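Participant: Handing you a structure now.
Read-outs throughout are calculated quantities, based only on the coordinates presented, and are distinct from any laboratory measurement. Because the structure is predicted, anything quoted here is derived from the model rather than measured. Note that each Cβ is placed from the backbone with ideal geometry, even for glycine, and that neighbours are counted across all protein chains shown.
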There are 2 protein chains.
Amino acid sequence: MRQDTFARIEGAIRKLDYRPSQAARQLKTGRTPILGLLVPTAANPSFGQLAVAMENFAQERYGYRVLLCNTYRDKQLESRMLDDLIDFGVGAVVVVSSLSDERHIEAAIERGLAVVSFDLGVEPDAQIRNDHVLADNRLAGRLAAMHLIEHGHKRLAFLVPRGQTMSRRHKVEGFLAAAEEAGSGVSAEIIESDTLSKFGDTELCSLGFESAEKILQMKRRPTGVATVNDMTAIGLMAGIRRHGLSVPEDISVVGMDDLVMSAYVWPPLTSVSMPVTEMAQKMVDRAIQHINTPGLRPEQITFAPHLVSRQSVGAPPGARKPAQRNHAKQS
Amino acid sequence: MRQDTFARIEGAIRKLDYRPSQAARQLKTGRTPILGLLVPTAANPSFGQLAVAMENFAQERYGYRVLLCNTYRDKQLESRMLDDLIDFGVGAVVVVSSLSDERHIEAAIERGLAVVSFDLGVEPDAQIRNDHVLADNRLAGRLAAMHLIEHGHKRLAFLVPRGQTMSRRHKVEGFLAAAEEAGSGVSAEIIESDTLSKFGDTELCSLGFESAEKILQMKRRPTGVATVNDMTAIGLMAGIRRHGLSVPEDISVVGMDDLVMSAYVWPPLTSVSMPVTEMAQKMVDRAIQHINTPGLRPEQITFAPHLVSRQSVGAPPGARKPAQRNHAKQS
DNA sequence: TTGAAAGCGCTAACAT
DNA sequence: ATGTTAGCGCTTTCAA
């Protein structure tokens, strides 16, 4: 193109301050620079962090924006959202740990949507039908158990909300496996808490809070308990205090997610940290690649978590001295 | 339309499973069922909650979806986002408390975008150029101060992050006014903390944490301090503990926002609660109304906050017995 | 009551 | 190197 033609056009653009219509462009090309993101709820800061990390990278790197949808882990809503996104011309979506049944997602894939599942493993035998980006959740469970065991705990427990996701199941498996391997006298139990409302992820704190009673009433009360996420762990610690016991003196607690806030609560929460930012970036990369190269082969990409040790884990009560309980309330 | 024609069409729709293209529809009608939402960062759970409340209502009530953008309170980013939203054909946007300068927002309004400002007051003399939905922040500040005063505190302080927003300014004004009115021996100071990074809202906790030192070194150390939000308050409490003092025995703390998590931290945080859900719904209502009736007159709508009393506020040290400090660390 | 056609603002393919 | 044109899939208006 000639210099002056270019200048002339530039001038016109400026003068009319012309901005291309995305709608028209999309109608022509069939694509729109938007990525979908389905999370249980943005009110849970761990998903909030994920959303921010994705939005940031998608924008900086590819000029894509992110359309955020809260699914409340509701299958109905989820598939309506998927449909809507397709109607908007969105080409790729990141779906965060829906409950295990994926039929509605497969339907969306059939209709041409590229989907990247977050934190949802694939059954060993099953064929991978779309990308999966996830933390090594078995390792996460294992890290939690090992940390507790290293501190001398023999009676472990793992607290999970009722709704099963694959990531939760894997965490449980890893936790149990590590306890088993520790052998001699180490026992581990799974405590399934009831979720009442469907807005499960907002009530994660209260769920942990209420589970405290259940745990404290067990005949062989555990001295070290892990939870699937930090919100639940924080609620659990509050519940334990409410019953007059303290963390970690009476019961040690380890969470998962390593929320920013977890370092500031009392006691500072020991937690299994997931590399959220890297995972977010990988998901965006994959999503865009799928848009650009239709036939792309689905992959499963796993990231390793690591444990961040703070002060919610200590020695079990009576580790040295003969068993003796401390009823002093924190204050 | 005749019965059978209708049936025939329905049948075709089903058979081809036809779904109208939003892009084409938008190109024709000039509108798209999407609302924009600009927040400092979705990683801050208070904005996460807001986003959820809006998304929920917009979808249920009007069939609109929400496009969430994280601004980091960065003017540059903010206006790029506004431009993008206009290009996408978005008709209305909710903007959460940008720093005071609103020129870029006015530019967007000029270009036909309807904007609803959240938590951003209008200067008394200034003309209202767009909708404003906000909490009565002066009242919020006042409630915090009064609560402290009722518990016998004489030396108050209010902790604010450096970046000025109108809502922060109003909180400060209310706080100061209430202290003033209490008269006799009640003093109040403003402590402005430095924010280092531009990602201010993610680091709110650490900001509170680091401000503890500043507060504890004051010659006439305050016994009751309020903060602009719960994240900062939680960080502050952690900082106070770090220096060997406890909340509320040595220093009482009151936050603002009343995050779900605030009830579960230790000590449970007393906080000024804003009616987020109602505000979110009002904003969506206004946004849609602006889209449907172009000439609509801008309004300023204020919601009253209320104080939720928990355990982070107590009597000042030495209220009964002669001054005596408690150096016991919580545990 | 139904069918036909114009045109929204772009992009891609083609003609100059 | 530049200009022209068809058509993406709808809605709206007008004709039958």
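Participant: For chain B, what is the relative contact order in percent, using Cα pairs closer than 8 Å and at least 6 residues apart in sequence?
Facilitator: Dividing the mean separation by the residue count of chain B yields 18 percent.
Participant: While we're here: Within 10 Å of each residue's Cβ, count the other Cβ atoms and sort B:176, A:16, B:37 from fewest upward.
Facilitator: Arranged by neighbour count, lowest to highest, B:176, A:16, B:37 become A:16, B:176, B:37.
Participant: Which cross-chain or sequence-distant (5 or more) residues have an amide H under 5 Å from the amide H of residue B:193, H modelled 1.01 Å from N in plane?
Facilitator: B:160, B:162
Participant: Work out how far the C-alpha atoms of the range B:69-210 reach from end to end along every principal axis, then list the three figures in whole Å, largest first.
Facilitator: 57, 34, 19
Participant: Using 25 Å as the Cα-Cα cut-off, could you pick out the over-long pairs in B:154/B:219; B:171/B:214; A:282/B:75; A:75/A:214?
Facilitator: Too far apart for the 25 Å limit: A:282/B:75; A:75/A:214.
Participant: Next question, about the same structure. What is the distance, in nm, between label points placed 7 Å from the Cα along the Cα-to-Cβ direction at residue A:31 and at residue A:123?
Facilitator: 3.4 nm
Participant: Can you give me the angle between helix A:204-216 and the longest principal axis of chain A, using Cα atoms only, in degrees from 0 to 90, rounded to the nearest 10?
Facilitator: 20 degrees
Participant: Right, here's the next one. Using a Förster distance of 35 angstrom, determine the FRET efficiency expected from the C-beta separation of residue B:296 and residue B:187, and round it to 0.05.
Facilitator: Calculated value: 0.15.
Participant: Taking the mean number of other Cβ atoms within 10 Å as a proxy for protection, how do you rank A:180-191, B:86-97 from highest to lowest?
Facilitator: Going by the mean number of other Cβ atoms within 10 Å, highest first, we get B:86-97, A:180-191.
Participant: Quick one: which residues, 5 or more positions from residue A:91 or on another chain, have an amide H under 5 Å from its amide H? H modelled 1.01 Å from N in the peptide plane, none for Pro or chain starts.
Facilitator: It is A:32, A:34, by chain and number.
Participant: Report, to one decimal in Å, the Kirkwood hydrodynamic radius for the range A:149-253 based on all distinct Cα pairs.
Facilitator: 13.8 Å
Participant: Label-point separation (nm) for residue B:194 and residue A:10, each offset 7 Å from Cα along Cα-to-Cβ?
Facilitator: 4.2 nm
Participant: Apply the Karplus parameterisation 6.51 cos²θ - 1.76 cosθ + 1.60, with θ equal to phi minus 60°, to every residue of the range B:138-145 and state each ³J(HN,Hα) to the nearest whole Hz, in sequence, with x for glycine and proline.
Facilitator: With the stated coefficients, the range B:138-145 comes to 4, 4, 4, x, 5, 4, 4, 5 Hz.
Participant: Here is a further query. Please rank B:131, A:194, fewest neighbouring Cβ atoms within 10 Å first, as an exposure proxy.
Facilitator: Ranking B:131, A:194 by Cβ neighbours within 10 Å, fewest first, gives A:194, B:131.
Participant: Please average, across the residues of A:262-271, the number of beta carbons from any other chain that are within 10 Å of each residue's own beta carbon, and give a whole number.
Facilitator: Taking the mean over all residues of the peptide, I get 5.
Participant: At a 10 angstrom cut-off on C-beta neighbours, averaged per residue, how do the peptides A:39-51, A:224-236, A:289-301, B:267-279 rank from highest to lowest?
Facilitator: Highest to lowest by the protection proxy: A:224-236, A:39-51, B:267-279, A:289-301.
Participant: Also, quick follow-up: Please compute P(r) over all alpha-carbon pairs of chain A, binned at 20 Å starting from zero, and give each bin as a whole-number percent.
Facilitator: With a bin width of 20 Å, the distribution comes to 30, 47, 18, 5, 0.
Participant: Shielding of B:50-56 by partners, i.e. mean partner chain Cβ atoms within 10 Å per residue?
Facilitator: Per residue, the average neighbour count from other chains is 5.
Participant: Please compute, for peptide B:179-191, the average count of beta-carbon atoms on other protein chains lying within 10 Å of each residue's beta-carbon.
Facilitator: If you average over the peptide's residues, the count of other-chain Cβ atoms is 0.
Participant: Now for a separate question. Give the angle, between 0 and 90 degrees and rounded to the nearest 10, that separates the Cα long axis of helix A:166-182 from the longest principal axis of the Cα atoms of chain A.
Facilitator: Helix A:166-182 and the main axis of chain A meet at about 40 degrees.
Participant: In straight Cα distance, which aspartates and glutamates are under 20 Å from residue A:28, not counting same-chain residues fewer than 8 positions off?
Facilitator: A:84, A:87, B:84, B:87
Participant: Now a separate question. Which angle between 0 and 90 degrees, to the nearest 10, do you get for helix B:45-57 versus the longest principal axis of chain B when only C-alpha atoms count?
Facilitator: For B:45-57 against chain B, the angle is about 30 degrees.
Participant: Here is a further query. Have a look at the range B:1-90 and give its Rg and Dmax from the Cα atoms, expressed in angstrom.
Facilitator: Rg, Dmax (Cα atoms, Å): 18.4, 58.
Participant: Per 10 Å bin, what percent of the C-alpha pairs of the range B:1-158 does each bin hold, from zero upward?
Facilitator: 9, 28, 27, 16, 11, 5, 2, 1, 0
Participant: Per-residue HN-Hα couplings for the range B:265-277, Karplus 6.51 cos²θ - 1.76 cosθ + 1.60 at θ = phi - 60°, whole Hz, x for Gly and Pro?
Facilitator: Calculated HN-Hα couplings, in order: 6, 10, x, x, 7, 6, 8, 8, 8, 9, x, 4, 4 Hz.
Participant: Can I ask one more? So for the protein assembly as shown, what percent of the C-alpha to C-alpha distances run longer than 31 Å?
Facilitator: Percent of Cα pairs beyond 31 Å in the protein assembly as shown: 56.
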